[in-house]
1. Among G265, G275, G241, G270, which is the only one that is at pLDDT below 95, within 18 Å of the chain's Cα centre (by Cα) and assigned by TED's automatic domain parsing to the domain that holds A293?
2. Report every pair of residues separated by at least 6 positions or lying on different chains whose Cβ atoms are under 9 Å apart, first residue within the range 211-226 and closer than 15 Å to A258 by Cα, second among the aromatic types (F, W, Y) and buried (at least 20 other Cβ atoms within 10 Å of the Cβ).
3. Out of the residues in the range 151-174 that are within 24 Å of the chain's Cα centre (by Cα) and of a type in the set (K, R), which is farthest from D272 (Cα to Cα)?
4. Among the numbered criteria (1) crowded, with 16+ Cβ neighbours inside 10 Å; (2) modelled with pLDDT of 95 or more; (3) not polar (S, T, N, Q), which single criterion is violated by D248?
5. Residues of the range 112-129 being out of contact with any Leu (no Cβ under 6 Å at 6 or more places or on another chain), among the charged types (D, E, K, R) and closer than 23 Å to L273 by Cβ, which ones?
6. Can you name the number of the only condition in (1) surrounded by fewer than 16 Cβ atoms within 10 Å (Cβ to Cβ); (2) without any contact (Cβ under 8 Å) to a residue 24 or more places away in the chain; (3) small (G, A, S) that A105 fails?
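The values are calculated or read from the model by the stated rules, or taken from the named source; none is laboratory data. Here the structure is a predicted model, which means the values were calculated and not measured. Neighbour counts are summed over all protein chains in view; Cβ atoms, including those assigned to glycine, are modelled from backbone coordinates with ideal geometry.
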Amino acid sequence: MKIAFILDPLDKLKAYKDSSIAMLRAAARRGHQVFAIQREALVWDGGTVSARAHALTPTDDNDAWYVPGTEEVLPLTAFDAVLMRQDPPFDFEYVTATWLLESAADAGARIFNNPASIRDHSEKLAILEFPQFIPPTRVARAAVDINAFIDAHGDTILKPLDGMGGSQIFRVRADDPNRNVIIETLTHEESRTIMAQAYLPAIASGDKRVLIIGGKVIPYSLARIPKDGETRGNLAAGGRGVAMPLTDGERATAEYLAPILWARGLLIVGLDLIGDRLTEINVTSPTCMVEIAAQTGFDVAGAVIDALEGECA
């Protein structure tokens, strides 16, 4: 197959941990041709969405992780599969890319994750569809509403709806003397909606990333365990990643969601759970594949290629 990956700039990727590079390597090992596309190279013209595509040959060297090949402008329909793996921020340019990719899909291109589903699934707000699995949560922008939630629950987490990697996440207790200024900062003086959730003490054991690939639940999670003195478990915030088998509760939640999300064209999904509570549904560029594979031997990137081969071959 010919598989294209829409990626961040190649020189910015960290090959030793990047899930997209793991997938490129897995595809190449099976003899598939792989290509890299930059989001800004997408062009619509005359009903066709094309892009400058760079052929490349992945290596096992994390310092020089690929050998560059030829570059040519190709319609996205020329590929057997196109994987959208651009990291957030989920800004207007990201939304524009989903519109262009949706146009390509209408013309017959196989795009994963489904661009309309990426656009419709806010990684923070998507959990609201499944209230039976989430902690006490309030989405609001008025200070009076957020303060009432803090007063009701005492110990809370406040976070913006467009952050990633633990950015701008605050733990706020009812007696915190800075609570008003935190609310003002996060809401931009009540002009931006945020999420408030009850603090979950189970975070001490890790914020678990559970991957779903092609509607199948990967049997291991990666627990992102906060460093001392930190609330956030995100690896980008200094958390320590420990792979472990799914608990019965984690598996039950993931098995419930898997067919629903796969029916929406979401090939790669990363659920975030603290204890048995669902806190996010990640669909833009879920990661943690490399860490799980290194610690358990389970080839998560290979499972992605299995799913693509089943769908597109």
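1. Numbers: G265 fails: at pLDDT below 95; G275 fails: within 18 Å of the chain's Cα centre (by Cα); G270 fails: at pLDDT below 95.
Testing whether each residue is at pLDDT below 95, within 18 Å of the chain's Cα centre (by Cα) and assigned by TED's automatic domain parsing to the domain that holds A293 leaves just G241.
2. Final answer for the pair search is L211/Y220.
3. Quick first cut of the range 151-174, residues within 24 Å of the chain's Cα centre (by Cα) only: 156-171.
From the residues that got through so far, the ones that are of a type in the set (K, R) too are 159, 171.
Working: K159: 15, R171: 18 Å.
Here the answer is R171.
4. Of everything listed in (1) crowded, with 16+ Cβ neighbours inside 10 Å; (2) modelled with pLDDT of 95 or more; (3) not polar (S, T, N, Q), D248 misses just condition (1).
5. D120, E123, E129
6. Going through (1) surrounded by fewer than 16 Cβ atoms within 10 Å (Cβ to Cβ); (2) without any contact (Cβ under 8 Å) to a residue 24 or more places away in the chain; (3) small (G, A, S) one by one, A105 breaks only (1).
Here is a yes/no grid of residues against (1) under 12 Å from D87 (Cβ atoms); (2) in the same structural domain as G270 (by TED's automatic domain parsing); (3) in contact with a Ser or Thr (Cβ under 9 Å, 6 or more places away or on another chain); (4) free of Cβ contacts under 8 Å to residues at least 60 places away in the same chain:
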residue: L7; (1), (2), (3), (4): yes, no, yes, no
residue: L13; (1), (2), (3), (4): yes, no, yes, yes
residue: R25; (1), (2), (3), (4): no, no, yes, no
residue: E40; (1), (2), (3), (4): no, no, no, yes
